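Worksheet for the structure shown next.
The values are calculated or read from the model by the stated rules, or taken from the named source; none is laboratory data. Everything numeric here is computed off the predicted structure, so don't read it as measured data. As a convention, Cβ positions derive from the backbone with ideal geometry for all residues, glycine included, and neighbour counts pool all protein chains shown.
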Amino acid sequence: MSSNSSGSGFTRRGFLSLAGGVAASAVLVACSADGGSGGGSGGGGGNTLKFWNMPWGGTEFNPLDKQITEAWKPSSGSFKATYQEIQWANFTQTFSSAVASNTGPAVSSGGGTQAFLFESQGKIAYADDLFESWKSNGLYDDFLPGLIDAMKVEKGYAAIPYNLDMRVMWMNKTLLEKAGADVPTDWDSYMAAAEKLKSIGVYAFGVGAGAGSFTGSHILTSFMINNGGGLFNADQQPDAVTDRNIEAMEYVLEMVSKGYVDPGTVSYTSDNVQTQWRERLFGMGWDGAGLAANVAGDVAAELEVVSPLAGPHGDKGALYFPNSIMMYTNTPDQKMSEDFLTYYYQNMAPLWKEHTGIGLPPLKSIAETPEFQEDANAVKIINEWQPIASTWGAPGSSSLFLGVTKVDGTPAMDAFTQSIYSGQAKAKDALETLQKALEATA
Amino acid sequence: MTSASFTESMERARRGVGVGGSGKAPRSRRRGIAPGRARTLTLLVLPSIILVLLLNAYPVIYAGVQSLRNGDLIIAGDFIGLKNYTSVLTDSAFWASARFTLIFTLVGVFGSWAVGLGIAMLLRGKVPLGGFFKVLLLLPWVVPTVVSATAWNWLVATPQSPLPALAKALGFGNVLFLADPLLAQIVVCIFKVWISFPFMMMMMSAALASVDNNVYEAARVDGATGWQMFRHMTLPLTARSTYISWILMTIFCVNDFPTVFLLTHGGPVNATQTLVVKAYQTVFLEFRTGPGVAIAFLMTLVLVVVSVLLFKGVQKAAIE
């Protein structure tokens, strides 16, 4: 019997050749660097510039942001921008795998320390030329003080400040009045107000340090900075065990031991924290600029931002996160990346003016708009908290750098934070443990 | 028909030769595949084998190489031999995670098996609306873990949550289920049992359904008690399914990331950090790929050993 004749002239050998060819093609396509659809050389390829942005605000944010992005007309050439929203879930993996495979964007926002991570790996295009060009069009001088400096690394500017995430003190004015407490101005008066709030069954140190809630660690660092301390020295090395830091942590531990801190803090997610504010169980606490909007309802109207406290040595300070936009070396055209960002920064104001929920603006011109000025709490944060705020790099450095990725939401920082809020550790011991952990992962 | 032709016919019939056949016995079929055919079949399956290797073996080999380097998520780094493994194995945090992973797995496997078997036995009899209850009991397994974790968080997270409120009403004071390290470990383990028992219930229901009721009837006639029937009949007769379900659940528990991560993130103070959570945090939060992958490989090694041991139990049960 013939085994290779089918009557149609289509032989089994021919079929196998075809199948093998198709399979080989598929394998080659799968193994190619950009997979075809990635846009050739990554960053967009051809005449396309890829911009990836995060969901920084509510549901209105990304559609409006996309609209602004796609309206870009380059000053020369025929480039166009494509827009991709990247979810926060697993965003590190998303960016890392894309950048490693050269299928990433030409321009993106991302995590607050992302630019410094990629900069250390040679994947970031420095923004020095861009900032130089912005000196002539007014954009450079429009940034709030200290923001651009926070982006400076040894070889240049790793990123461009985009929106500010501040950690500030909030109070429920109604509860303070009910307790007969004065609005605190320094650590001593804060302790006194906390005592009065406790007498009406309300916590004065509302914060969350549970699953996925890193605010607790931010606030501990804020207290260190408020006391003239911080986690890194001038050499950008971890330096957690200092007298000022020990003093700051002892203050927080005193708050814990006196029952001014909700004992559930170590397990609270941000949702749990908002619940406690809604239930009027938090009279004072620490959170981002969007707390009142997130709590919503009747309680939101009772919430006000407190002015920065003075530490026992007269210092003022807090932690903030200048989130940034970065340019990648893997771009179809660096000049086009810069051209796009110039356009974007000149036209991004609606993201704030239309209250899309994005963090605080990096530009004075946006902060001065009537739409932004409507929010008294946001204005207070820009006017009073931003000027005294520092990055993770404090007290040694005003800029961010790769080392801060070791403290931003890491297990070592989580364990330290929970050991303080649970009151199970002594200040010095907890800081020493943190220091060892940071050195081990350095 | 002559006697000769009759004899011949019987002979032909015995040899399986039909009327008009040659009368010779059919050639015995050769075992195996003809060489030409084998080559054809090999060529046919080759593309699939290549794809499977690319999809499965390549990432594993690549990860193995990563575990011997000091790179991060983007840069492969330098070859450092077994240093990542030694640093992981000498880290007390690793052993604390391993200890909790062991507890989590033991409670997860045997807790869910006990609950699943118990409910399967209850539902074996005539229960009104039995089908409805089975569907209802499957819900913890069917519902996405992110939804379950949110629900459990609502149940236990704050002092006003239902379970802490109940505990307070019963005179236990302010019980902080997720803030206390020991209670958080207990909650995570119970959460795992709650999520997993429907799977065990289905496995054991299927195993029990294959047991003939007459066996129980006979035992009852012989005066066997309920416990004796359970101990000497139900358990041995369902042993094979039990071992298989233990193997599967061991793998599910050791590799379970969302249950722990969504509920506690491994806290408080790493009390509920399992090895898979630690591996994730090491790679994606600390950006230390080598040690993270080394943890994952060590987990795999232990899982293979445990699975082989349990599989021997399956084989033993099959023989008995």
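Determine which member of the set B:THR272, B:THR238, B:THR289, B:THR225 is crowded, with 17+ Cβ neighbours inside 10 Å, over 30 Å from B:VAL143 (Cβ atoms) and of a type in the set (S, T, N, Q).
Within the list B:THR272, B:THR238, B:THR289, B:THR225, the selection yields B:THR289.
Being part of a loop (DSSP other than H, G, I, E, B), in contact (Cβ under 8 Å) with a residue 40 or more places away in the chain and over 25 Å from A:SER97 (Cα atoms) is the filter here; which residues of segment A:317-352 pass it?
A:GLY317, A:MET348 - these are the residues of segment A:317-352 that are part of a loop (DSSP other than H, G, I, E, B), in contact (Cβ under 8 Å) with a residue 40 or more places away in the chain and over 25 Å from A:SER97 (Cα atoms).
Residue pairs, Cβ under 6 Å, 6 or more apart or interchain, first in segment B:78-98 and at positive phi, second in a helix (DSSP H, G or I). List them.
none
What residue, of A:LYS426, A:LYS335, A:LYS406, A:LYS364, is surrounded by fewer than 21 Cβ atoms within 10 Å (Cβ to Cβ) and outside the structural domain of A:THR92 (by TED's automatic domain parsing)?
A:LYS426
Rundown of residues vs (1) within 13 Å of chain A (Cβ to nearest Cβ); (2) within 21 Å of B:VAL188 (Cα to Cα), yes/no style:
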| residue | (1), (2) |
| --- | --- |
| B:ILE247 | no, yes |
| B:PHE257 | yes, yes |
| B:LEU262 | yes, yes |
| B:PHE287 | yes, no |
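Evaluate the following for B:GLY125: is it within 22 Å of B:THR238 (Cα to Cα) and over 26 Å from the mean Cα position of the chain (by Cα)?
yes
Would segment A:206-217 turn up any residue that is touching a residue at least 40 places away in the same chain (Cβ under 8 Å), away from chain B (no Cβ under 14 Å) and crowded, with 24+ Cβ neighbours inside 10 Å?
The answer is no; no qualifying residue exists.
Checking A:LYS178 against (1) basic (Lys, Arg); (2) in contact (Cβ under 8 Å) with a residue 24 or more places away in the chain; (3) closer than 30 Å to A:TYR190 by Cα: exactly one of these is not met. Which one?
If we test A:LYS178 against (1) basic (Lys, Arg); (2) in contact (Cβ under 8 Å) with a residue 24 or more places away in the chain; (3) closer than 30 Å to A:TYR190 by Cα, just (2) comes out false.
Kindly indicate the residue of segment A:95-118 that is among the β-branched types (Val, Ile, Thr) and within 11 Å of another protein chain (Cβ to nearest Cβ) and also nearest to A:LYS406 (Cα to Cα) among those meeting that condition.
A:THR113
Which of the residues that make up segment B:210-229 are part of a helix (DSSP H, G or I) and out of contact with any helix residue (DSSP H, G or I) (no Cβ under 8 Å at 6 or more places or on another chain)?
B:ASN213, B:ASN214, B:GLU217, B:ALA218, B:VAL221, B:GLY226, B:TRP227
Report those helices (runs of 4 or more DSSP H) wholly inside segment A:140-227 carrying at least 3 residues which are within 30 Å of A:ALA412 (Cβ to Cβ).
So the answer is A:187-199, A:215-226.
Could you give every pair whose Cβ atoms fall below 9 Å, whose first residue belongs to segment A:148-164 and is charged (D, E, K, R), and whose second residue is modelled with pLDDT under 95, counting only separations of at least 6 or pairs across chains?
Listed pairs, sorted by first residue: A:ASP149/A:SER398; A:ASP149/A:SER399; A:LYS152/A:SER398; A:LYS152/A:SER399; A:LYS152/A:LEU400; A:GLU154/A:PHE401; A:LYS155/A:GLU119.
Checking B:MET202 against (1) surrounded by fewer than 19 Cβ atoms within 10 Å (Cβ to Cβ); (2) within 11 Å of chain A (Cβ to nearest Cβ); (3) part of a helix (DSSP H, G or I): exactly one of these is not met. Which one?
(2)
Can A:THR441 be described as within 9 Å of chain B (Cβ to nearest Cβ) and surrounded by fewer than 24 Cβ atoms within 10 Å (Cβ to Cβ)?
So A:THR441 passes the test.
For segment B:247-296, give me the residue count where each residue is in contact with a strand residue (DSSP E or B) (Cβ under 9 Å, 6 or more places away or on another chain) and among the polar types (S, T, N, Q).
1
Go through (1) closer than 26 Å to A:ALA300 by Cβ; (2) in contact with a Lys or Arg (Cβ under 6 Å, 6 or more places away or on another chain); (3) buried (at least 21 other Cβ atoms within 10 Å of the Cβ) and name the single condition A:GLU371 misses.
(3)
Scanning for something within 14 Å of another protein chain (Cβ to nearest Cβ) and either surrounded by fewer than 15 Cβ atoms within 10 Å (Cβ to Cβ) or charged (D, E, K, R) (or both), does segment B:60-68 turn up at least one residue?
yes
On the given criteria, is A:GLY314 of a type in the set (Gly, Ala, Ser), farther than 19 Å from A:LYS66 by Cβ and assigned to a strand (DSSP E or B)?
Criteria not met by A:GLY314.
Out of A:LYS155, A:LYS178, A:LYS80, which single residue is more than 23 Å from A:LYS364 (Cα to Cα), among the charged types (D, E, K, R) and in the same structural domain as A:PRO308 (by TED's automatic domain parsing)?
Answer to the selection: A:LYS178.
I'm checking my understanding of the structure. Among residues of segment A:258-304 that are among the polar types (S, T, N, Q), assigned to a helix (DSSP H, G or I) and in contact (Cβ under 8 Å) with a residue 40 or more places away in the chain, which one is farthest from the other protein chains (Cβ to nearest Cβ)?
Here the answer is A:SER270.
How about segment A:267-287: which of its residues are under 25 Å from B:ALA149 (Cα atoms) and within 21 Å of the chain's Cα centre (by Cα)?
Across segment A:267-287, the qualifying residues are A:TYR268, A:THR269, A:SER270, A:ASP271, A:ASN272, A:VAL273, A:GLN274, A:ASP287.
Can you tell me which residue in segment A:231-265 is nearest to A:GLY297 (Cα to Cα), limited to those that are crowded, with 20+ Cβ neighbours inside 10 Å and under 21 Å from the mean Cα position of the chain (by Cα)?
Applying the filter and picking the extreme gives A:LEU231.
Give me the residue from segment A:80-94 that is aliphatic (A, V, I, L, M) and under 20 Å from the mean Cα position of the chain (by Cα) and, out of that set, farthest from the other protein chains (Cβ to nearest Cβ).
Looking at residues that are aliphatic (A, V, I, L, M) and under 20 Å from the mean Cα position of the chain (by Cα), I get A:ILE86.
Test B:ALA218 against the stated conditions and say whether it is over 30 Å from the mean Cα position of the chain (by Cα) and of a type in the set (A, V, I, L, M, F, W, C).
Spelling it out, B:ALA218 is indeed over 30 Å from the mean Cα position of the chain (by Cα) and of a type in the set (A, V, I, L, M, F, W, C).
On the basis of being β-branched (Val, Ile, Thr), within 14 Å of chain B (Cβ to nearest Cβ), within 20 Å of A:TYR251 (Cα to Cα) and touching a residue at least 60 places away in the same chain (Cβ under 8 Å), does A:THR417 make the cut?
Yes: the conditions hold for A:THR417.
Looking at segment B:167-186, which of the residues that are in a helix (DSSP H, G or I) and within 11 Å of chain A (Cβ to nearest Cβ) is surrounded by the fewest Cβ atoms within 10 Å (Cβ to Cβ)?
Ranking the candidates gives B:LEU183 first.
Within segment B:51-78, track down each residue that is among the hydroxyl-bearing types (Ser, Thr, Tyr) and assigned to a helix (DSSP H, G or I).
B:TYR58, B:TYR62
Table: residues versus (1) farther than 23 Å from B:VAL302 by Cβ; (2) modelled with pLDDT of 95 or more.
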{"site": "B:TYR85", "(1), (2)": "no, yes"}
{"site": "B:SER92", "(1), (2)": "no, no"}
{"site": "B:TRP95", "(1), (2)": "no, yes"}
{"site": "B:PHE100", "(1), (2)": "no, yes"}
{"site": "B:ILE103", "(1), (2)": "no, yes"}
{"site": "B:LEU106", "(1), (2)": "no, yes"}
{"site": "B:GLY111", "(1), (2)": "no, yes"}
{"site": "B:ILE119", "(1), (2)": "yes, no"}
{"site": "B:LEU122", "(1), (2)": "yes, no"}
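Determine which single condition B:ALA157 fails, assuming it passes every other condition in (1) under 21 Å from the mean Cα position of the chain (by Cα); (2) within 14 Å of another protein chain (Cβ to nearest Cβ); (3) modelled with pLDDT under 95.
Only one criterion is unmet by B:ALA157, namely (1).
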